[in-house]
Structures are given as C-alpha cells and as structure tokens.
C-alpha cells in the first residue's frame, strides 16, 4: 500500500480508539504525519466521507449496538457519543437509520450499520498475495446445528470484491445489526443445490435458529442448512498490511489438508464459510466434512 493509504488507515485507527472523545483534525494530522489540510483531503478521497461525517456515522452505529444490547437511557448514549442533546441525537439517528432510537431500543429491526473498512480492502485487493514466511494454521473439528441462513444473493460473484460490486458493501452493515447463532455475520460459498438460476456462488448472511420467525430484510432469501461437521481453519493474528498473507496461509493449508488423516472426507453438499477477517484473531474459514 502507498504511504497515503497507510496514513488514512492510521487516522481510521485513531478514530476507532478515541470514538468516545473529542477528535480534532490536528490530532488526526499528528497520526497521519501530513498537514491538517492534506490529511482532510486524503481522508475524504479514500473513504468518500468527510472526517466529521465518518465519525458521526460510526458513532451512530456504535450507539445502535448499545441500544440493542444494553439497558441504557437515550440521553446517556447521546452524551457518550458526543451529541449535545437527546433531541439532536434522535434527529441524527432517524436520518441515518429511518427510525428513532427509542423505537429501535424496544424493537431492534435490522438496520444498515456503518462498517468502516472500505479503504484497506480496496487497496489490498490488487496486491499480489504471496506468503512471505511460513505461518501456523490451527485446525479443529466443530459441529454446527441445523439452522437457517438469511442471505443476500449476488449475480455472478465468486468472491468478496465481485460481490460488493454487484450488491454493494452496505449489506455487511445490515447483517451486523442482526442477531446470529455464531455471534456475527458469515460469508458463504453455496453448493449448486442452494443456488437460484443466475445468482452468485458467494453470498453474505446470518445464521439463525430453525424456528426463526423474525424480520427478513427486503431482498434477502432464507435457506435451510442441516446439522453438519466442519473443519475450522484459523490462521495467526495479523497486521492489516499482512492481510493478503493471512488469507494465503489459510487457503494454502485448506488446499493441502487431507481430512482422511482424522477419519473424514470433504462434504461438498454444505457451504464453505468465511468469517470477517480480523487481525486480532486471525483469518478463519470453515469447510464441511463427513466421517468416512
């Protein structure tokens, strides 16, 4: 990545770490190592948002997650997130999500949260993914229960970037606002039996109980997934600039691994699963297996 992209990443990281504090352009300039004017221009160019809009959207999304999971007063959340009053916060929340925070706290319908990782993914996409050194990959057998998956289909996508080009990157923000059996959204590579004509192999969604009767967002489908065993491949924690290496290490391990050594074989009837790449835990994928 270029030094300019690294500078934007540093500003994003600073905002993330100081979201509940006042954040000034002088502070962001200090971490970007460029002038305030040039830092502002870089940030807007590479995120598509002004610094103020970026912070506001991120704070509103974090506040929505608090309203959903905690018993908190609207005023307390508003003040914690840097809004001067409950009224101002309520107006901003409604503009962002189409409902007021009190309604959302009582009935947490799916909303599109702001997920601020576009810059690093856009510019890592074109990087050649070669492993610069050997990395460890931890493999374990896990069992997933029978469940449903609420998914958004693409058109022809077989991977993340093509999928974002087809359906947009906001899908992940909507999925993040929904409860999931595994605690987070998932990406799936669907076997042919789960695909509809002229739809993508790669989809994003959330896993929910088989008796789920909640809201299905517009444009989403529901598929039934059986109880199944998976091999979970988890790489080492990684720095963001090593994102390509982290994925390559896991994919290389999956390609070489023979499940017969532990009495299994690959089960191609169930989808392959990808979790959100997070440097703090390592890159994770799951591939279905059955006993031989």
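Read-outs throughout are calculated quantities, based only on the coordinates presented, and are distinct from any laboratory measurement. Keep in mind that this is a model prediction, so the values were computed, not measured. With ideal geometry, Cβ positions are generated from the backbone for all residues, glycine too; neighbour counts draw on all protein chains shown.
Starting from the Cα of residue 79, step 7 Å along the direction of its Cβ; do the same at residue 232; then give the gap between the two resulting points in nm. My value for the distance between the label points is 4.0 nm. In terms of other Cβ atoms within 10 Å, 20, 211 run from fewest to most in the order 211, 20.
Compute the long axis of helix 36-47 from its Cα atoms, compare it with the longest principal axis of the Cα atoms of the chain, and write down the angle in degrees, 0 to 90, nearest 10. The helix 36-47 is inclined about 40 degrees to the chain. Ordering 31, 8 from the fewest to the most neighbouring beta carbons within 10 Å gives 31, 8. Seen against the Cα atoms of the chain and their longest principal axis, helix 3-17 is set at about 80 degrees. For Rg and Dmax of the Cα atoms in Å, the value calculated from this model appears in [x] 20.2, 78; [y] 20.7, 63; [z] 25.9, 92 under label [y]. A full extension of the chain between residue 280 and residue 136 corresponds to an added length of 50.4 nm, given 0.36 nm per residue minus the alpha carbon distance. Cβ crowding within 10 Å ranks 152, 65, 254 as 65, 254, 152, fewest other Cβ atoms first. A straight chain from residue 143 to residue 17 at 0.36 nm per residue would run longer than the Cα-Cα distance by 41.8 nm. How would you classify segment 178-292 from its alpha-carbon gyration tensor, with a ≥ b ≥ c the square roots of the eigenvalues: rounded for a/c under 1.5, else prolate if a/b is greater than b/c, otherwise oblate? Here segment 178-292 falls in the oblate category.
Legend: calculated FRET efficiency, residue 44 to residue 165, from the Cβ-Cβ distance at R0 = 35 Å, rounded to 0.05, equals 0.95. Working from label points 7 Å from Cα in the Cα-to-Cβ sense, the residue 106 to residue 30 distance is 4.5 nm.
Principal-axis analysis of the Cα atoms of the chain puts helix 243-256 at an angle of about 10° to the longest axis.
Given Cα pairs under 8 Å that are at least 6 residues apart, what percent is the relative contact order of the chain? Kindly include the intermediate steps, with their values, before the conclusion.
Values: 475 pairs, mean separation 49.9, N = 292.
For the chain, the relative contact order is 17 percent.
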